[in-house]
Every structure is written in structure tokens, then in C-alpha cells.
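Asker: So that we are looking at the same thing, I have put the structure below in C-alpha cells.
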Amino acid sequence: MNPPDIEEGKIHKRLTPSLRAANGDGMAWACMVGAGETYLNIFGIFLKATSVQLGLLATLPQFLGAISQMVGVWAMSFFASRRHIITRFVTLNAFVWVPVALLPFIFEKGASTVWILIALASLYFVTSNFTNPIWNSLIGDLVPAHIRGRYFGYRNRLLGFSTFITILLCGQMLDVSQRYGDARLGFLGVFLIAFLSRLLCVYFLQGYEDPPYHVKHEHHFTFWQFIRRSPKSNFARFVYFNSLMNFGVNIATPFFAVYMLRDLHFSYIELTVITATNTITQFLTMQYWGKISDQFGNKKILNICGYGVALSPLMWVFGSSLWYLLLIQVYAGFVWAGFNLAAANFMFDAVTPPKRARCVAYQAMVNGAFVLVGSLLGGYLGDHLPASVTFAGFQWTPPSGLVFVFVISGLVRVFASLLLLPQFSEVRSVERIDHRELIFRITNIASIAGVTFSILPGTRRRRPTKKE
């Protein structure tokens, strides 16, 4: 018997103890991300990182983390408890933030210190991502399929709010420490918050139910088997789309902070406000996307938001004022909320539970390779693109050559959407709706205004289609 549908306003009363613990764990993790991962690249800028080093800092640790996920899948068979192995690695992961926080007190600023930071960031992502497929396997068993969109929409709102508050707090700490002449103290406080938040995850993880996990021999398949089967695999085609999108995204992502701090001369607090605007928009709209996901499926959202996130970096061409960039972040937060939720839920829908951990790891491996190459390309372009271009007698000189990197990033995302979005399909039986009507619903002012306050209607149960 399936549990009753979860409605907005009652969801916190209807959750199992495990899902309540997952919410607490997620909020603590979000605080760690808001205080730690958010400021790693800014920390690299503070330590005088080069463009290539910034690209590596943003992606090499994540690539190594993707490899560690494959090791995590292999290690699952040696542990009787998924919760136990997650808890151990989360504890280790927390303590990586301590040497990161102390780095500028031990070494001088410069390229050599940045290489140490890249090594520590790599250790952080390896210990963090090792548990990703294991956690996805566990949470997939704990969340009923028919409420998955609404539950993760609700949970992601909690995470977004936690990230938003932490980003604002840490940005204020950095701004104050900079004005008083020693930004090192601000970064010390920021990374210690990340450390304590990650330790809090360990407490909440103890509240997860830990059902037994058994995988039959026929559910084992290697990474190369995954690659060979990909032309016939709906899930693999989704993986290639998501990875090519992230290739385009990471051409530009490591350099937005550089552009604002170095070229536009924004303060830490202005940079923080811009970053937090994206986060709070995702927080406010995530549950709305969860409702759309449950009702109309994840593929329809990806079809719309794939092009939506492609437009985001192109908007940086048309202005550089604080207020204009805040408007861009509102738009970007809205479309990224839909894209991220739909992409995550598509993975849960597209693969069966015994294959879930392995598929998460293989997806991370492919995605990590694309992200690494994209960031290295962005770093190269940032150093070698001209400061201006001339076309038909008209010369365009943007505030920074990095704007050209943002344009290339957007064009790659458009190409990925045009080429690969038609190659995979929805895997659940969902209500039919054409794209024009769905866009109208999404952009309808009354609907957006009701994101926070409306009551989500229950959705009927649907019979899942064949999974891979």
C-alpha cells in the first residue's frame, strides 16, 4: 500500500522519520555548500590563482570525485550497511575544510599555494562524491515513486533556503574582514562554518532507515558495457545531453566571479548578493517545478529549461550594472531550478533500483570528463580571446574578454539542446500537454505568484513504463 499523497502545507507532518532526517541532512549539506563550495573559486582568486588554475580548481576536483563514485559503487558490495559507509566518509569529508581554512595563515599567496588548494579541494570532492551513488541508492529506496517530484521539490526548497542564508552570512563575513584589512579571517570563518555544517550531517544520517541492499549478478555491468549499450539506451542519451550541457556551462562558470571581482570591481558583498539572488529564486520556485514534474513529467521540463539555461550566459552581453545582473540571476535561478530538479528526477525514473547506484556513478564519470574539458577550454579562451571584435565596420569592446567566453558557453548549450534533447524520451505515463501550453503555465504571472502560497493538488498515481 502506497502512503498518501503529500500536499503543500501538510508535507512536514506526513514524512517518515527517514525523510525528516534526509531533510535535516540536506539542509546541513546545503549550509556546507553555501559556506564552502560557493567560496572555493573566490578563495582561489584571493590566493592569486591564474585563469588556468581557476579552471582546474572548478573542475579537476569534481572529475576526480566522479572517478571516486565508481569506486564507491564497487565498495558497496563489501559493506552490509549503506548508512554506515556514508557516515564514515562524510566525517572524513568534513575535516578536509580545516586545512583549507588554515591555508593562507601557513603559506603566502601565489601559484604554489593555489596548487595546494587544488589538492585539498580534490580530496574534498573525492571523499564527498564517493558516497553519492550509495546515498542515491539509499534515498531512492526511501522515497515513494509517486511523490518523488513533490518531495524533492519541497526538500530542495529547504536546501535552497539554507544555502541562501549561509551565502549571505559568509559574504557579510568576508566583506567585514576585508574592510578591516585581513580577508584571511573572513575565509577562516567561512570554511569553519562549512566544517561544522558537514559534521552536523553525520548526526542526521543516523536517523536514516537502512534497508538491506542486494544486487543480483545480472544487474552488474561495467562502464564499458554502459558505453557500448548507449546508442540503444534512453538513459545513456540523457547522460550525453546532460554532460554536453555541463561542458558548455563550465566553459563559463569558473569565471563569473573573476569577471565581477576583477573586471567590474564589485565588492564581496555585491558578489554575494548576486549569487544569493540565484539561490533564493531557486528556493522560491523549486516546489512549483516539483508539481509540474509529477504531473507532466521531467522530459517536458528539460525541453523548455534546456533552452532556458542556454540563454542565461548570453544575457551578460547586454549589461554589467548590479541591477541588471540581479535580473539575470532571477531568470537563471528560475530555469536552473526546473532543469536541476528534472535532471535529477529523470535519473530516478529511468533506472531500476538495483542499477541506480551504478548508473549514478557512470553518469558522474561521463559528466566529470565533459566538465573538466569544458573548464580547461574556458581557461584557455579567457587568456587568448581578443579584448574586442570588429564586424562590418562596427567594433565591440565589452568590459572584459571573458564576455566572449560567456557567449561561447551559451552557444554550446544551445547546440546541446538542439542536438540531443530529441534523442531521449519520458519514461513515465504522465498527463499530455504541448510545449506551448506548458510554457504558458510556467510563465503565467498568477502561477508564479502562487509558487509559495498555493495548495498543490494531489496527482493521480501512474503506472511506470519500462525502465533500464
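Asker: What's the total number of residues in segment 125-166 that are within 18 Å of Gly72 (Cα to Cα) and assigned to a helix (DSSP H, G or I)?
Answerer: Of the residues in that region, 15 qualify.
Asker: If Val360 meets every condition in (1) over 16 Å from the mean Cα position of the chain (by Cα); (2) closer than 30 Å to Leu142 by Cα apart from one, which number is that one?
Answerer: (1)
Asker: Another question about this same structure. Can you go through Ser425, Ser409 and tell me which one is surrounded by 13 or more Cβ atoms within 10 Å (Cβ to Cβ) and of a type outside the set (A, V, I, L, M, F, W, C)?
Answerer: So the residue among Ser425, Ser409 that is surrounded by 13 or more Cβ atoms within 10 Å (Cβ to Cβ) and of a type outside the set (A, V, I, L, M, F, W, C) is Ser409.
Asker: Among the numbered criteria (1) surrounded by fewer than 23 Cβ atoms within 10 Å (Cβ to Cβ); (2) closer than 23 Å to Gly248 by Cα; (3) under 17 Å from the mean Cα position of the chain (by Cα), which single criterion is violated by Leu314?
Answerer: (3)
Every residue, every condition in (1) modelled with pLDDT of 90 or more; (2) charged (D, E, K, R); (3) under 15 Å from Arg155 (Cβ atoms), yes or no:
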residue: Thr277; (1), (2), (3): yes, no, no
residue: Phe283; (1), (2), (3): no, no, yes
residue: Tyr288; (1), (2), (3): no, no, yes
residue: Asp294; (1), (2), (3): no, yes, yes
residue: Lys300; (1), (2), (3): no, yes, no
residue: Ile304; (1), (2), (3): yes, no, no
residue: Tyr307; (1), (2), (3): yes, no, no
residue: Ser320; (1), (2), (3): yes, no, no
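Asker: Answer yes or no: is there a residue in segment 100-123 that is under 22 Å from the mean Cα position of the chain (by Cα), within 30 Å of Leu19 (Cβ to Cβ), in a helix (DSSP H, G or I) and β-branched (Val, Ile, Thr).
Answerer: Within segment 100-123, none of the residues are under 22 Å from the mean Cα position of the chain (by Cα), within 30 Å of Leu19 (Cβ to Cβ), in a helix (DSSP H, G or I) and β-branched (Val, Ile, Thr).
Asker: Same structure, new question: Just to be sure, is Phe235 in a helix (DSSP H, G or I), aromatic (Phe, Trp, Tyr), in contact with a Cys (Cβ under 8 Å, 6 or more places away or on another chain) and surrounded by 15 or more Cβ atoms within 10 Å (Cβ to Cβ)?
Answerer: Yes, satisfied.
Asker: With respect to Ser230, determine if the residue is in a helix (DSSP H, G or I) and either of a type in the set (Phe, Trp, Tyr) or over 29 Å from Gly401 (Cβ atoms) (or both).
Answerer: Considered against the rule, which asks whether it is in a helix (DSSP H, G or I) and either of a type in the set (Phe, Trp, Tyr) or over 29 Å from Gly401 (Cβ atoms) (or both), Ser230 comes out as yes.
Asker: Ok, one more. If Arg358 satisfies every condition in (1) modelled with pLDDT under 85; (2) surrounded by fewer than 23 Cβ atoms within 10 Å (Cβ to Cβ); (3) not aromatic (Phe, Trp, Tyr) but one, which is the exception?
Answerer: For Arg358, the exception is condition (2).
Asker: Search segment 219-246 for residues that are in contact (Cβ under 8 Å) with a residue 40 or more places away in the chain and pair each with any residue that is surrounded by fewer than 18 Cβ atoms within 10 Å (Cβ to Cβ) and in a helix (DSSP H, G or I) when their beta-carbon atoms are under 6 Å apart and the residues are at least 6 apart or on different chains.
Answerer: His219/Pro354; Arg237/Gln423
Asker: On the given criteria, is Phe95 under 22 Å from Val143 (Cβ atoms) and aromatic (Phe, Trp, Tyr)?
Answerer: It is false that Phe95 is under 22 Å from Val143 (Cβ atoms) and aromatic (Phe, Trp, Tyr).
Asker: Let me ask something else. What about Arg179, is it surrounded by 18 or more Cβ atoms within 10 Å (Cβ to Cβ) and of a type in the set (D, E, K, R)?
Answerer: In short, no.
Asker: Failed condition for Gly181, given (1) in contact (Cβ under 8 Å) with a residue 24 or more places away in the chain; (2) in a loop (DSSP other than H, G, I, E, B), with all others met?
Answerer: Here Gly181 meets the rest and fails (1).
Asker: Just the residues that are crowded, with 17+ Cβ neighbours inside 10 Å, assigned to a helix (DSSP H, G or I) and of a type in the set (Ser, Thr, Tyr), please, taken from segment 367-401.
Answerer: The answer is Ser375, and nothing else.
Asker: Just checking, how many residues over segment 428-439 are over 26 Å from the mean Cα position of the chain (by Cα), surrounded by 12 or more Cβ atoms within 10 Å (Cβ to Cβ) and assigned to a helix (DSSP H, G or I)?
Answerer: Count: 0.
Asker: Still on this structure, I have one more. Quick check: is even one residue across segment 72-89 under 27 Å from Tyr380 (Cα atoms) and surrounded by 23 or more Cβ atoms within 10 Å (Cβ to Cβ)?
Answerer: Among the residues of segment 72-89, not one is under 27 Å from Tyr380 (Cα atoms) and surrounded by 23 or more Cβ atoms within 10 Å (Cβ to Cβ), which makes the answer no.
The values are calculated or read from the model by the stated rules, or taken from the named source; none is laboratory data. Quick caveat: nothing in here was measured; it's all calculated off a predicted structure. Neighbour counts are summed over all protein chains in view; Cβ atoms, including those assigned to glycine, are modelled from backbone coordinates with ideal geometry.
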